[in-house]
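What follows is one structure encoded as structure tokens, with my remarks underneath.
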Amino acid sequence: MNMNTKNKEKAVVVFSGGQDSTTCLLWALKNYKEVIALSFDYGQRHKKELECAKDITDELNVEWHVLDMSLLNQLAPNSLTRTDIEVDKEAPGDGVPNSVVDGRNMLFLTFAAVFAKQRGITDIITGVSQSDFSGYPDCRDVFIKSLNTTLNLAMDYTFCVETPLMWIDKADTWKMADDLGGLELVREKTLTCYNGIMGEGCGTCPSCKLRKHGYNEFLTRYKQ
Ligand code: ZN
């Protein structure tokens, strides 16, 4: 990957304001001449996610849109959308954590594709990763490839769903943000914590543990 050449035209980034999608947004800005960030309001427990997404896109001067996906909460209530359902303290050894929103990535990517085609854009970027697969079936490469084919058939259009983080772990995601000059931005401005605390987060929820573990591993692997 040539970091200095914007050799591609336009992309839509599925953007939550978290670590992964912010890293993808930075990646997109290095590789595409025009980037649009797309967020989804699905009644997530923490509206702060959308505030973070707004602040980051403002800072990076990226066009940003929010689509209303509140029906997702109606269909599949879960611990990330309902305050009356507690998030699992520990990620289960196997099986699906209760923070899964069934079909979320499929719906988001499908809506992103409709949006992209309207704008004449083929490339859609998502921060899903199979490497730290924690029970989310729609983060797997096989699903993305399958959906890409389905979207092409559904809309008679040639989409390209790009997944820059698919095969790298959290430590290398930090490395990518660092290489793209966005380490501090990702550290300070993103929200991944299930308890809605920006940056370092609460430190105890599964998402914070994963993030912190990855950051420490990044320091060990690349900064010593
Ligand atoms: Zn947390």
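The values are calculated or read from the model by the stated rules, or taken from the named source; none is laboratory data. Since the structure is predicted, the reported quantities are computational estimates derived from the model, not experimental observations. Here the Cβ positions follow ideal geometry from the backbone for every residue, glycine too, while neighbour counts run over all protein chains shown. SASA here: full protein model, heavy atoms, side chains in, ligands and nucleic acids out. Shrake-Rupley method; radii C 1.70, N 1.55, O 1.52, S 1.80 Å.
Please list, in chain and number order, the residues 5+ apart from Asp41 or on another chain whose amide H is under 5 Å from its amide H, with Hs placed from the backbone.
Placed amide hydrogens put Leu67, Asp68, Met69 under 5 Å from Asp41.
Report in % the part of the accessible area of the stretch 145-224 that belongs to carbon and sulfur, leaving out ligands and nucleic acids; probe 1.4 Å.
52
For the stretch 44-49, what does the Karplus curve 6.51 cos²θ - 1.76 cosθ + 1.60, with θ = phi - 60°, yield as ³J(HN,Hα) per residue in whole Hz, taken in order and with x for Gly and Pro?
Along the stretch 44-49, the couplings run 4, 3, 10, 4, 4, 3 Hz.
Amide H of Asp123 versus every other amide H placed in the peptide plane: which residues, excluding those fewer than 5 positions away on the same chain, fall under 5 Å?
Here the answer is Val12, Cys160, since their amide H atoms fall under 5 Å of that of Asp123.
Amide H neighbours of Gly17 under 5 Å, at least 5 residues apart or on other chains, H built in the peptide plane: list them.
So Gly17 has HN proximity to Thr22.
Loop-only check: which chymotrypsin sites (Phe, Trp or Tyr not before Pro) in the stretch 158-224 are DSSP coil with at most 13 other Cβ within 10 angstrom?
Loop-located and lightly packed - Trp167.
Just the number please: accessible area per residue for the chain, 1.4 Å probe, all protein chains included, in Å².
Counting only protein heavy atoms, the per-residue value for the chain is 49 Å².
DSSP loop (so not H, G, I, E, B), at most 10 other Cβ within 10 Å: list which trypsin sites (Lys or Arg not before Pro) in the stretch 148-224 pass both filters.
Listed in order of number, the matching sites are Lys223.
Modelled label-to-label distance, Lys6 and His213, 7 Å Cα→beta-carbon offset: nm?
The answer from the label model is 3.8 nm.
About the Cα centre, and with charges only on the beta carbon of Lys, Arg (+1) and Asp, Glu (-1), how big is the dipole of the chain? Nearest 20 debye, please.
260
Excluding the sites themselves, what is the longest stretch of the chain that contains no GluC sites (Glu not before Pro) in a DSSP loop with at most 10 other C-beta atoms within 10 Å?
That would be 91-224.
Please compare each pair in Lys33/Lys54; Lys6/Lys209; Lys33/Lys209 to a cut-off of 32 Å on the Cα-Cα distance and tell me which ones are over it.
Lys6/Lys209; Lys33/Lys209, as the Cα separations exceed 32 Å there.
Net charge near Asn7, counting Lys/Arg +1 and Asp/Glu -1 over other residues with Cβ under 11 Å of its Cβ?
+3
Using just the helices of the chain, give the 222 nm mean residue ellipticity in deg cm²/dmol: DSSP H runs with n ≥ 4 each add -39,500 (n - 2.57), and the total is spread over all residues, rounded to 500.
-13000 deg cm²/dmol
Write out the chymotrypsin sites (Phe, Trp or Tyr not before Pro) in the stretch 1-78 meeting two conditions: DSSP loop, and at most 14 other Cβ atoms within 10 Å of their Cβ.
Within the stretch 1-78, no chymotrypsin sites (Phe, Trp or Tyr not before Pro) qualify (loop, at most 14 other Cβ atoms within 10 Å).
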